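The block underneath contains the structure these notes are about, expressed in structure tokens.
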Amino acid sequence: MNKRIALLSIVLLSTFYFVNAQSGFGIKGGLSYNSNGDLKEFTSDITEVYKNEGKGKSGYNIGFYGKLNLGPIYIRPELVYTKTTSEYELNSTTVSDYKVSKLDMPVLVGIKLIGPVNVFVGPAFQYYLDNDLDGINISDVKNDFTVGVNIGASVELGRLGIDVRYERGLSENESTWLDLGNTFTLDSRPEQLIFSLSYRLSKKKS
């Protein structure tokens with residue numbers, strides 16, 4: 001396992017332990033509407049002959065979270081497995097799905113507004129586990145480890161939580177492959193609208 005992801009996992013698990021002692025933790029999962037960046041084709045004759053923004057498709061996520069309450073403000077680290085799919089048209093004829101599996105590690109800072117309503121924002125550290133384009137011998141993404149951002153709002157109803165958030169990858173990260181002498185590059189940065197349900201496993205601190 002990559003040393004960076006191992007270290008981050010240890011840090012995050014330690015954070016969960018600390019958070020549980022101070023506030024609480026739980027499980028979460030949900031669905032997303034997601035897409036990646038542009039697909040580009042380059043030839044030796046023309047700098048760029050093809051550009052496809054792709055079509056978003058549904059994905060899913062499942063994982064754990066911790067929450068540290070600090071008065072009206074809270075810190076919420078998460079460790080989430082995410083699967084995304086985008087659709088691209090290759091050579092103006094073939095439609096293929098680009099599938100990405102990754103670990104997301106958001107560290108969110110939230111503020112309580114009115115009653116059960118909260119808003120939050122924070123960085124999301126992303127580690128790519130696998131990427132695949134149907135029928136194409138595609139290389140791994142250039143950088144296994146990237147950074148994105150999450151921003152959203154949530155409602156807490158007892159042990160249950162509902163949140164909607166927007167996630168955008170910030171670090172440039174591409175996959176490449178060759179086909180009939182042409183070079184293709186595909187921007188793997190995710191852009192997601194995520195809907196999630198969470199359930200608090202720990203008892204609420206008084």
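The values are calculated or read from the model by the stated rules, or taken from the named source; none is laboratory data. Note that the structure is predicted; figures quoted are calculated from it, not measured. To get the accessible areas, we keep the full protein, side chains included, count just its heavy atoms, and leave off ligands, DNA and RNA. Shrake-Rupley method; radii C 1.70, N 1.55, O 1.52, S 1.80 Å.
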Let me cross-check PHE25: its accessible surface, 1.4 Å probe, with only protein heavy atoms counted, in Å² to the nearest 10?
70 Å²
Which of the residue pairs LYS40/LYS83; LYS83/LYS203; LYS57/LYS142; LYS83/LYS142; LYS67/LYS99; LYS57/LYS112 have a Cα-Cα distance greater than 28 Å in the structure shown?
LYS83/LYS203; LYS67/LYS99; LYS57/LYS112
Taking placed amide H atoms and a strict 5 Å upper bound, the residues 5 or more places from LEU170 or on another chain that come that close are VAL147, GLY148, VAL149
